[in-house]
6 protein chains.
Amino acid sequence: MATCGLIEYDAASSEVKAVYDDIMAVRQTDYINNFWKALAHDPSTLRRTWESIKQIMAPGELNALTKEMIYLAVSATNQCPYCIASHTAAARKAGMTDGMLAEMMAIVGMANESNRLASGYQVEIDERFK
Amino acid sequence: MATCGLIEYDAASSEVKAVYDDIMAVRQTDYINNFWKALAHDPSTLRRTWESIKQIMAPGELNALTKEMIYLAVSATNQCPYCIASHTAAARKAGMTDGMLAEMMAIVGMANESNRLASGYQVEIDERFK
Amino acid sequence: MATCGLIEYDAASSEVKAVYDDIMAVRQTDYINNFWKALAHDPSTLRRTWESIKQIMAPGELNALTKEMIYLAVSATNQCPYCIASHTAAARKAGMTDGMLAEMMAIVGMANESNRLASGYQVEIDERFK
Amino acid sequence: MATCGLIEYDAASSEVKAVYDDIMAVRQTDYINNFWKALAHDPSTLRRTWESIKQIMAPGELNALTKEMIYLAVSATNQCPYCIASHTAAARKAGMTDGMLAEMMAIVGMANESNRLASGYQVEIDERFK
Amino acid sequence: MATCGLIEYDAASSEVKAVYDDIMAVRQTDYINNFWKALAHDPSTLRRTWESIKQIMAPGELNALTKEMIYLAVSATNQCPYCIASHTAAARKAGMTDGMLAEMMAIVGMANESNRLASGYQVEIDERFK
Amino acid sequence: MATCGLIEYDAASSEVKAVYDDIMAVRQTDYINNFWKALAHDPSTLRRTWESIKQIMAPGELNALTKEMIYLAVSATNQCPYCIASHTAAARKAGMTDGMLAEMMAIVGMANESNRLASGYQVEIDERFK
């Protein structure tokens, strides 16, 4: 269970409600993830984290789908069960097919393998990559 | 220095040369990265790793650029100096702009932060994400 | 379930009981965590680990509360569910308020983010920090 | 070398200069770390990261020294050479003695050990910690 | 629940069945782990991963038991619940006693500790180890 | 450079010299690694770490070579440059051939890959492995 419990919308302060409202508006949903409800015990972290994610995940040179897949690839590398579950859902909502998921996960596996091969064999960086 | 040293093309066995030749043909380059030269002391790992990477990084539902950026995002999460250096070069060759790099790295940073917030606060997975 | 099961006090050897007794005396409790009961199958690791933790966590230049929060910060970074749960309890017992938890977790998140930004962007160490 | 190079003060845009000025004012120094100069190629990440760190590291229920030591403990756990070097300097500036460093590092080592013992032995979380 | 669900033998395509058959033949069992059933949604990753593991885990200069214990040591370091559970079973089947498990886990804990002590104290590599 | 510098034998206190002497006697060498010289600023951590490693690495049900390879496999997974360099030397001294190194590293790579595939695909643990 979340360390400090989850704060539901009706029990939230006006400061927290404002963040919840913005999350629902930006994401076009009426659902607030447990992640936000758990952070709501610390309104400054809630607001800062949401503002950062909102800014970072907005489409730019990379589109929303690519961004969600990068987020999921990092979460799979860190093996965070919560973030894997929630960002798998988010990536699918953004258009990730099962085929894309499979290609992304194959890269995640391979990169985790080659990272250790390069480090374990103490490979020096090529001059041209410096 | 690489644990077992680097095997240059001219000093390579025919089995290793065959892999080097395929790498250069597929990547349209005449340069072999130190990573491969360090693996060449174990030809079976060299061949298996190259065959896997060749298959995984070939364009599919995801294009080559997206694939390289996911590879780089994982390497940055694992903080592997060799793979960050070499895959930054590879991603740029595949078309990554400084703006794309910046957007990708912002996601890498944010995901690494939120992974720990979710785990550290012991947030339970939402029923709808199970 | 723990790989080798949990060894309860009454079923423990005298060697294990001696460690359990010391844990309860030092921590002023009559409860033995599952962690110790799982280690008890290997009495030498049980004793060595307890002796190390007893020495390391004793107040020194840093007080007990600061020490527990550092332990929790590391466990959150490694995303170890068992240690997060047990050391959240331990830190609270040592006086950690919800406000302190929030400040500590914000640092954990931020450090995990900036560690990847520094590594991912290949930032060279400033001369003055060497 | 930093992926996109370092942006020195005199070569910086006014947006970047404003962040540099705030860093120097808040930290009461005339030195800008390479970390910020490397991020300056992406002014939005530079500003967001600085604003977050400024807010998070300001004294609250935890004092500045405790906060710096938690930051360093996380960086040591993640083995980020840049952040270990720069935050060792920052923690010392905030008052960390060699004795405090030794106590903190001993906890970092021990927590990294016990995290794996708990996970590797598949220890179930005690009911009272849920 | 596995992201894409589990594919049971009877519901598998002939391509997947061929891999399942080979797994059962090589491992002399009639049981297919959930890991393979989850990968089966991506037959190319299923086949590639199985072929790699079959090749890597076959006895060579290292025997099957040593190989399984190294696999388990890595999984405990990464704190992967699935792989810890399945490779504990595999290592036991290969002959790992509780005493061997205890010795291996003690090393895993110690190495995770000393890795952070070496990195956190910024110890330079001895000339003779370069 | 090591955070607190390296303490050479001649400059060491009698307490530190006693540990150095024991290291040289047990390892049958006249060389003290930088790791110990860096820890020597904190004699209690130096002694505790050495006593633990001496106990853990002594041959038991697993021989010295197997133990050194497990240590190296963990260090490669954590990508600790110091520990990879020093334990590669230690493992070779204990009898590790280039062929054994290659087999061990192949497992390290593969386990790091499959750990992420299992976690990323959210594979549930088989009933028989619980």
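Within segment C:37-71, the set of residues being touching a Leu at 6+ places or on another chain (Cβ under 9 Å) and either surrounded by 20 or more Cβ atoms within 10 Å (Cβ to Cβ) or among the hydroxyl-bearing types (S, T, Y) (or both) comprises C:K37, C:A38, C:L39, C:A40, C:H41, C:D42, C:T45, C:L46, C:T49, C:T66, C:M69, C:I70.
Quick one: in segment E:75-89, of everything that is facing another protein chain (nearest Cβ under 7 Å) and over 18 Å from C:G5 (Cβ atoms), which residue is surrounded by the fewest Cβ atoms within 10 Å (Cβ to Cβ)? Per the stated criteria, the residue is E:Q79. Residue pairs whose Cβ atoms lie under 8 Å apart, sitting 6 or more positions apart in sequence or on different chains, and linking a residue in segment A:1-12 that is in contact (Cβ under 8 Å) with a residue 24 or more places away in the chain to a partner that is of a type in the set (S, T, N, Q) and open to solvent by 20 Å² or more (accessible area, probe 1.4 Å), are A:A2/B:Q122; A:T3/B:Q122.
Just one of the listed residues (D:W50, D:W36) is within 17 Å of the chain's Cα centre (by Cα), among the hydrophobic types (A, V, I, L, M, F, W, C) and closer than 30 Å to E:E124 by Cα, namely D:W36.
Which one of these is among the β-branched types (V, I, T) and within 11 Å of chain B (Cβ to nearest Cβ): C:I125, C:I107, C:I56, C:I70? Being among the β-branched types (V, I, T) and within 11 Å of chain B (Cβ to nearest Cβ) holds for just one of C:I125, C:I107, C:I56, C:I70, which is C:I107. Looking at D:A89, is it under 25 Å from B:N78 (Cα atoms) and in contact with a Cys (Cβ under 8 Å, 6 or more places away or on another chain)? So D:A89 fails the test. Among the residues of segment B:112-130, those identified as without any contact (Cβ under 8 Å) to a residue 24 or more places away in the chain, in a helix (DSSP H, G or I) and of a type outside the set (K, R) are B:E113, B:S114, B:N115, B:L117, B:A118, B:S119, B:G120, B:E127, B:F129. Can you spot a residue in segment A:38-47 that is without any contact (Cβ under 8 Å) to a residue 24 or more places away in the chain and within 28 Å of E:N78 (Cβ to Cβ)? Taking every residue of segment A:38-47 in turn, at least one turns out to be without any contact (Cβ under 8 Å) to a residue 24 or more places away in the chain and within 28 Å of E:N78 (Cβ to Cβ). Here the condition is being over 30 Å from A:M110 (Cα atoms) and in contact with an Asp or Glu (Cβ under 8 Å, 6 or more places away or on another chain); of A:T29, A:T3, A:T49, A:T45, it holds for A:T49 alone. Only one entry of F:N112, F:N34 meets the criterion of being at the interface with another protein chain (Cβ under 7 Å from one of its Cβ atoms) and open to solvent by 10 Å² or more (accessible area, probe 1.4 Å), and that entry is F:N34. Residues that are open to solvent by 10 Å² or more (accessible area, probe 1.4 Å) and assigned to a helix (DSSP H, G or I) were ranked within segment D:90-101; the one that is farthest from the other protein chains (Cβ to nearest Cβ) is D:K93. Residues of segment C:5-22 that are surrounded by fewer than 18 Cβ atoms within 10 Å (Cβ to Cβ) and either of a type in the set (A, V, I, L, M, F, W, C) or over 14 Å from C:K54 (Cα atoms) (or both): C:G5, C:E8, C:Y9, C:D10, C:A11, C:S13, C:S14, C:E15, C:K17, C:A18.
The values are calculated or read from the model by the stated rules, or taken from the named source; none is laboratory data. Remember, predicted model here, so these are calculated numbers, not experimental data. Glycine gets a Cβ as well: all are built from the backbone with ideal geometry, and neighbour counts include every protein chain shown. Surface accessibility is based on the protein's heavy atoms, side chains included, excluding ligands, DNA and RNA. Shrake-Rupley method; radii C 1.70, N 1.55, O 1.52, S 1.80 Å.
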